[in-house]
Amino acid sequence: MPFSFPTGTARLVAAGACALALTTQVGCSDGGGGGGDSATESATRSSTDGGTQVTIKNFKFQPASLAVSPGAKVTVVNKDSTTHTLTASKGGSFNTGNIAPGKSVTFTAPSKAGDFPYTCTIHPFMKGTLTVK
């Protein structure tokens, strides 16, 4: 028996359900660390107290630009529905590995000053910069 594709409102509902199913299947690998705290969602944040946080939400790093002291602890909290990473783009300075939804990972910022671009290796369109000063 052939399949008949719905029309009108039923067609829109079916298309929306398909889009939702595809969206939730992106980046299905598992991993990550323990729980995390709530995070600021400002555009830029600085830390001189030895620790700070990046939140991943809506397929974005928040904040996208982060300034820290050398050797600062940076906690990355994944508040998205899929797994992400926060990985230095060059030189392997830092890599959280996979962070599952609802989990967090802490890494140590490089000890030398400079700008360190980073990305999510699962979703390369996600980008940010860690500035060590």
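The values are calculated or read from the model by the stated rules, or taken from the named source; none is laboratory data. Computed from a predicted structure; not experimentally measured. Cβ atoms come from the backbone with ideal geometry, glycine included; neighbour counts cover every protein chain shown.
Some points to look at:
- Within region 58-83, residues that are among the basic types (Lys, Arg) sit with their Cβ atoms under 8 Å from residues that are in a loop (DSSP other than H, G, I, E, B), at 6+ positions apart or across chains, in these pairs: Lys60/Met126; Lys73/Gly50; Lys73/Ala109; Lys79/Ala39; Lys79/Pro101; Lys79/Gly102.
- Among the residues here, Thr82 qualifies as β-branched (Val, Ile, Thr), more than 18 Å from Thr129 (Cβ to Cβ), surrounded by 11 or more Cβ atoms within 10 Å (Cβ to Cβ) and modelled with pLDDT of 95 or more.
- Within region 92-113, if we keep just the residues that are part of a loop (DSSP other than H, G, I, E, B) and among the hydrophobic types (A, V, I, L, M, F, W, C), the residue that is surrounded by the most Cβ atoms within 10 Å (Cβ to Cβ) turns out to be Ala109.
- Among the residues of region 29-75, those that are of a type in the set (Ser, Thr, Tyr), modelled with pLDDT of 95 or more and part of a strand (DSSP E or B) comprise Thr55, Ser65, Thr75.
- Region 114-133 - residue that is among the aliphatic types (A, V, I, L, M) and over 16 Å from Thr52 (Cβ atoms) and, of those, surrounded by the fewest Cβ atoms within 10 Å (Cβ to Cβ): Ile122
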